[in-house]
Amino acid sequence: MATIERKPLLLDFEKPLAELATRIEQIRQLAEENGVDVSGQIRQLEARAMQLREEIFSSLSPSQRLQVARHPRRPSTLDYIQAISDEWMELHGDRSGGDDPALIGGVARLGGQPVVMLGQQKGRDTKDNIARNFGMASPGGYRKALRLMAHANKFGMPILTFIDTPGALPTVAAEQQGAGEAIAYNLREMFCLDVPIICTVIGEASSGGALGIGVGDRLLMFEHAVYTVISPEGCAAILWKDAAKAPQAAVALKIISPDLKNLGIIDEILPEPIGGAHADPLKAATTLKQALLDNLDDLNRLTAPERRQLRYEKFRKIGVFTEVAH
């Protein structure tokens, strides 16, 4: 069966790379038509393209990283679960009458060890995004997550969460069903669980929707992912009444991985392939799997009381600052 080649989805700052790729292809076609050997020139241009890609992606602004984190072809929770797990069985339902497709989870094996994996799931196209509420979980989704985490705790299985959401579902119905209570309840209960918990920001992590599955012993974050209390667009609309100031807000919010590492909010930055995780999803998945195995190895050596105490201390340190008298 013939395969359909998918055209690359280019971000604004990637246009110079596209222009260079077009030039290389034009030279290659002209050389073939005229029987001229230009392999040396093509190698130089390809080396220049690689160098340019490295330069661009090593100096992205916060707003540009946000574009990468929101890329429609960026690997999702299900992509990573299926790539890194030896076995995977999705579980459904919050046991209160619903099953939110925006937050998925189930039991799996990672490196031979039984684990529970869960996270927000965005869609691959408009239809799928609508079905999954664009990765914005309802209160039932967070209650399903807590049910799975309680299952993991009962049977001694580590919990691995993958955070990728623009926020919790912002509808009247979600508020009527107790969105704030569901997230707050998860926060409290995750501090009390005995098993190791590793949370990974794989894309866009925003607001309480991200926090609802974000309390863990270790918080990992992909290089070009973002983690923020509010979207830069929302922040700009509130502070300046102008969403066009979103790039300015993105800088002020400290949403990118190096800033969050310096602030002590995340524990480890996972490097991405040049061009972002969507450029080489399997390589990104390999990086994630190794990081999870390494951190699980460390956490499994601790007792449950030690993990709970360190988890508590980790979050108590967030936001601590020193005032210098003048």
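Using the Karplus curve 6.51 cos²θ - 1.76 cosθ + 1.60 with θ = phi - 60°, what ³J(HN,Hα) values do you get for each residue of the stretch 242-247, in whole Hz, with x for Gly and Pro?
Once rounded to whole Hz, the list reads 8, 5, 5, 8, 4, x.
Using DSSP, restrict attention to beta bridges with both residues in the stretch 8-167 and report what percent are antiparallel, rounded to the nearest 5. Walk me through the numbers on the way to the answer.
Numbers: 13 of 17 bridges.
Looking only at bridges with both residues in the stretch 8-167, the antiparallel portion is about 75 percent.
Distance between the C-alpha centers of the stretch 20-50 and the stretch 56-111? Whole Å please.
38
With labels modelled as points extended 7 Å from the Cα through the Cβ direction, what inter-label distance (nm, one decimal) is found for VAL229 paired with ARG23?
Rounded to a tenth, the inter-label distance reads 4.5 nm.
Using only Cα atoms and rounding to the nearest 10 degrees, what angle (0 to 90) does helix 139-154 make with the longest principal axis of the chain?
70
Which residue, chosen from MET50, PRO75, ALA236, occupies the Cα position most advanced towards the positive end of the dipole of the chain, where the dipole is computed from +1 (Lys, Arg) and -1 (Asp, Glu) charges on Cβ about the Cα centre?
Of MET50, PRO75, ALA236, it is ALA236.
Projected onto the charge dipole of the chain (+1 at Lys/Arg Cβ, -1 at Asp/Glu Cβ, origin at the Cα centre), which of LEU211, ALA284, GLN64 gives the Cα projection farthest towards the positive end?
Sorting the options by dipole projection puts first LEU211.
With labels modelled as points extended 7 Å from the Cα through the Cβ direction, what inter-label distance (nm, one decimal) is found for LEU10 paired with ARG73?
Result: 1.3 nm between the two label points.
Dipole size in debye (nearest 20) for the stretch 69-149 around its Cα centre, Lys and Arg Cβ +1, Asp and Glu Cβ -1? Could you put the intermediate results ahead of the total?
Values: 12 positive and 9 negative charges, 58 e Å.
It comes to approximately 280 debye.
Express in whole angstrom the spacing between the alpha-carbon centres of the stretch 125-176 and the stretch 270-284.
25
To check you understand DSSP bridge types, tell me what percent of the beta bridges within the chain (both residues inside) are antiparallel, rounded to 5. Don't skip to the end; give the middle numbers.
Values: 14 of 34 bridges.
Beta bridges within the chain, antiparallel portion: roughly 40 percent.
Once you have the Cα-Cα distance between LYS154 and VAL324, take 0.36 nm times their residue separation minus that, and quote the gain in nm to one decimal. Could the numbers behind the result be given before it?
Numbers: separation 170, 0.36 × 170 = 61.20 nm, distance 4.71 nm.
Separation in residues times 0.36 nm, less the Cα-Cα distance, equals 56.5 nm.
Give, in nm to one decimal, the length gained when the segment between ASP298 and ILE42 is fully stretched (0.36 nm per residue of separation minus the Cα-Cα distance). Provide the component values of the computation, followed by the final result.
Values: separation 256, 0.36 × 256 = 92.16 nm, distance 4.73 nm.
This chain segment gains 87.4 nm when fully extended.
Looking at [x] 29, 23, 18; [y] 50, 22, 15; [z] 37, 24, 21, which value of semi-axes √(5λ) of the Cα gyration tensor in Å comes from a calculation on the structure shown?
Looking at semi-axes √(5λ) of the Cα gyration tensor in Å for this model, the match is [z].
What does the helix-only formula give at 222 nm for the chain: each DSSP H stretch with n ≥ 4 adding -39500 (n - 2.57), the total divided by the residues, and the result rounded to the nearest 500 deg cm²/dmol?
On the way: 14 runs with 156 residues, N = 326.
My calculation for the chain gives -14500 deg cm²/dmol from helical runs alone.
Step through the residues of the stretch 63-68 one at a time and calculate ³J(HN,Hα) from phi using the Karplus curve (6.51 cos²θ - 1.76 cosθ + 1.60, θ = phi - 60°), rounding each to whole Hz and writing x for Gly and Pro.
For the stretch 63-68, the Karplus-derived couplings read 5, 6, 5, 4, 4, 5 Hz, x marking Gly and Pro.
Please enumerate, by chain and number, the aspartates and glutamates with C-alpha under 13 Å from the C-alpha of LYS314, excluding those fewer than 8 residues away in the same chain.
Hits, sequence-local ones excluded: ASP217, ASP267, GLU306.
At 7 Å along the Cα-to-beta-carbon direction for both ASN262 and THR126, put a label point, then send me their distance in nm to one decimal.
The answer from the label model is 4.1 nm.
May I have the extent of the alpha carbons of the stretch 95-153 along their three principal axes, as whole Å values ordered from largest to smallest?
Extents along the principal axes: 36, 28, 13 Å.
Could you check which residue among ALA150, ALA225, ALA168 shows the biggest mean-square fluctuation in a GNM of the chain with a 10 Å Cα cutoff?
Its mean-square fluctuation being the largest, the pick is ALA150.
Restricting to the stretch 144-282, compute how many DSSP beta bridges are antiparallel as a %, nearest 5.
Here the share of antiparallel DSSP bridges comes out near 5 percent.
Values in this text are rule-based calculations from the coordinates and carry no lab data. Predicted model, so just to flag it, every value in this text is computed and none were measured. For neighbour counting, all protein chains shown are included, and Cβ atoms are generated from backbone atoms with ideal geometry for every residue, glycine included.
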